[in-house]
1. Mind checking which residues of segment 455-469 are open to solvent by less than 60 Å² (accessible area, probe 1.4 Å) and in a loop (DSSP other than H, G, I, E, B)?
2. Would you check if Arg152 is open to solvent by 30 Å² or more (accessible area, probe 1.4 Å), in contact with a Phe, Trp or Tyr (Cβ under 6 Å, 6 or more places away or on another chain), of a type in the set (Lys, Arg) and at pLDDT 95 or above?
3. Pick from Arg324, Arg349: which is in contact (Cβ under 8 Å) with a residue 24 or more places away in the chain, in contact with a Ser or Thr (Cβ under 6 Å, 6 or more places away or on another chain) and away from the ligand (no atom under 16 Å from the Cβ)?
4. Please find, among Ala295, Ala301, Ala310, the residue that is out of contact with any strand residue (DSSP E or B) (no Cβ under 8 Å at 6 or more places or on another chain) and modelled with pLDDT of 95 or more.
5. Of the residues Glu320, Glu330, which single one is of a type in the set (D, E, K, R), crowded, with 24+ Cβ neighbours inside 10 Å and under 18 Å from the mean Cα position of the chain (by Cα)?
6. Within segment 269-308, count every residue that is open to solvent by 20 Å² or more (accessible area, probe 1.4 Å), more than 14 Å from the ligand (Cβ to nearest atom) and under 15 Å from the mean Cα position of the chain (by Cα).
7. Mind counting the residues in segment 398-426 that are touching a helix residue (DSSP H, G or I) at 6+ places or on another chain (Cβ under 6 Å), within 16 Å of the ligand (Cβ to nearest atom) and either of a type in the set (A, V, I, L, M, F, W, C) or open to solvent by 10 Å² or more (accessible area, probe 1.4 Å) (or both)?
8. Looking at segment 55-122, what strands (runs of 3 or more DSSP E) fall wholly within it and have at least 2 residues that are crowded, with 16+ Cβ neighbours inside 10 Å?
Amino acid sequence: MRTLRFLFGRRLERAGFTLALGLTWPSAQVALHYQIDFGPPHSHLFEVTLTVEKLRGAFVDFALPAWRPGRYVIQNFAANVLHFSAFDETSSPLPVEKIDKQTWRVTRNKAKTLRVQYQYYANVLDAGSSFLSEEEAFFNGSNLLVYVVGRRTEPVTLRIQYPEGWRVATGLARTADPRLFTAPDYDVLVDCPTMVSPTLTTFSFTYRNVPYFVHIQGEGQYHRDRLVADIEKIVRYEVDLMGGTPFRDYHFLFHFVPHPFSHGVEHLNSCSIMRGPADKFDEDEFYRSFLSVVAHEFFHAWNVKTIRPAAFLPYDYRHEVYTRLLWVSEGLSTYYGALAMKRTGFTDRRRFFDWISGMIDGLQMNPGRKVTSLEMASWDAWLTGYGSGPPNATVSFYSKGALVGLLLDLEIRQRTGNDRSLDDVMRSLYTEYGLKRKGLTAVEFQRAVERIVGRSFEEFFRNYVRGTEDLDYDAHLLHAGLRLRREVDDNKPAAFLGIGYSGNEQETTITNVLTDSPAYRAGLDKGDILLAIDRERAHQGNILELLKKKSPGDTVVVTVFRRNQLRDFQVVLGSGGNLKYAIKQIDQPTPLQKKIFESWTGDSWEGTSKKEQTAGDEK
Ligand SMILES: [Zn+2]
């Protein structure tokens, strides 16, 4: 099978590289050489040097991305650049002019080779950031490596000047020199996050002749053999599902941190995942949630890194890049991450159903589902995708995208007598778009579904993807012999107020008031500091207990501080605060319902899955 790395390999050879024993050797023909030096750890400054040969024109522009693939919001990494300067081959300074927020123009003055140097302040540690400390150096190239405008497709080398005894984890191609790496172009260079530290631990396994590396930075209560074996199970499942890999090697870059944290970012042949607190890895639920992040990020190697929205081919790092397909890229990766967990036996039936019904609860509670379609939530990710924007006004392209993926999967199975599924759609997108490096559009995604099924899905996409119709869970779940019920959650009060809040026992702030809820009708507002309910002191820890003393229809006085003024609001409590969705199997499934259920979940209708029985180490 043609893989991306194979394509890269051919380009490398053309560029004068020789591929031998998996090592690539820089050649004299490469004209772009990056180097990263580490400043004093407490300065958090990387020193970046880029040497450019084969100069053309009177000036050269150098630009830093305004965003990074994986997070569709402007981050303006150029804000962290200090002391940008340029020199010719005799180290004489060259004039530098900044021409916009992220672009530096260097006047060439007939130099044959020029060198730019700058410092990058790297003091944020999450999966997509860059960080320099005494313990480690971690960087995402999209944060700190400038590109030469007009020369992004040329091969490059990267030298990392790390201290003696430190080790490197990266998806970049290695050379015989342990500090020197190569990439066929800028896009690959910056799609390979890199961890460097003296304490890196690396494990590996091979599947279908592809080596996988599990790199861990940080201590943790993880069981080493189990962790690697479980990741291998997920890898095997997803590789088999998609029928091959778009990479020649793959690297899991894990940061296990002491504080509560969960963040993952996908890349071409790697992913970066930060998870904590690291002393919880021996707890089943925590460990399971960690594996589900692994399953999600790994699926991205196909879905978004290879099956790529047309707008991302190539990436334009200078500004927002609009696509209607983030619900496919993120929502379907979320759905397939959960399916992988189910089908490999890490998640049991109850947890899988609870995961679905929990997302249904969230979406049905969110007034934004009537305001913004899934496609527009994708399009406006740059504006509102990460919690900014007005309250109750949008949906998550992750969770609604996953639910629409679920409904789509069940609908495809129903209409084809379970001969086809969303799996077939993903595989066809991989071969027809991904491997051919052809970008995908929203129309083409719908056409791909319709091609697999042989019938129109116009109504489905009009209502659920482009429109704001409520999802018909009942009709679609029934295809698999399931129905949605509303159950009473004894932990919650029946009386419904309709606020979100956060804080502690000292001070609790209302963070959201649901549109048209009892709290909204009474005039409560986001930002109000909650003091009392019916004169009893209320805070984060006791709101539910106070409401449990009330009944639906009761009028209560909610007392708050609003801009330092003490205010009372009369709230007529609603009902249903204790209702939650639950998914149940029906009593008398048809043969088709049973068949769909079994091939979709990997379970037998009656009992536990074969997979669960073999996964005896999973509690
Ligand atoms: Zn994702």
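The values are calculated or read from the model by the stated rules, or taken from the named source; none is laboratory data. What you are looking at is a predicted structure, and each value in this text was computed from that prediction instead of being measured. Glycine gets a Cβ as well: all are built from the backbone with ideal geometry, and neighbour counts include every protein chain shown. Just the protein is used for accessible areas: all its heavy atoms, side chains included, with ligands, DNA and RNA removed. Shrake-Rupley method; radii C 1.70, N 1.55, O 1.52, S 1.80 Å.
1. Keep residues of segment 455-469 that are open to solvent by less than 60 Å² (accessible area, probe 1.4 Å), which gives 457, 460-461, 463-465, 467-468.
Of everything in segment 455-469, those that are open to solvent by less than 60 Å² (accessible area, probe 1.4 Å) and in a loop (DSSP other than H, G, I, E, B) turn out to be Phe457, Gly467, Thr468.
2. yes
3. Numbers: Arg349 fails: in contact with a Ser or Thr (Cβ under 6 Å, 6 or more places away or on another chain).
That would be Arg324, the only listed residue that is in contact (Cβ under 8 Å) with a residue 24 or more places away in the chain, in contact with a Ser or Thr (Cβ under 6 Å, 6 or more places away or on another chain) and away from the ligand (no atom under 16 Å from the Cβ).
4. Numbers: Ala301 fails: out of contact with any strand residue (DSSP E or B) (no Cβ under 8 Å at 6 or more places or on another chain); Ala310 fails: out of contact with any strand residue (DSSP E or B) (no Cβ under 8 Å at 6 or more places or on another chain).
On inspection, the qualifying residue turns out to be Ala295.
5. On the way: Glu320 fails: crowded, with 24+ Cβ neighbours inside 10 Å.
Among Glu320, Glu330, only Glu330 is of a type in the set (D, E, K, R), crowded, with 24+ Cβ neighbours inside 10 Å and under 18 Å from the mean Cα position of the chain (by Cα).
6. Of the residues in that region, 2 qualify.
7. 5
8. Details: elements: 59-63, 81-88, 96-100, 103-107, 114-121.
Of the strands (runs of 3 or more DSSP E) lying wholly inside segment 55-122, those with at least 2 residues that are crowded, with 16+ Cβ neighbours inside 10 Å span 59-63, 81-88, 103-107, 114-121.
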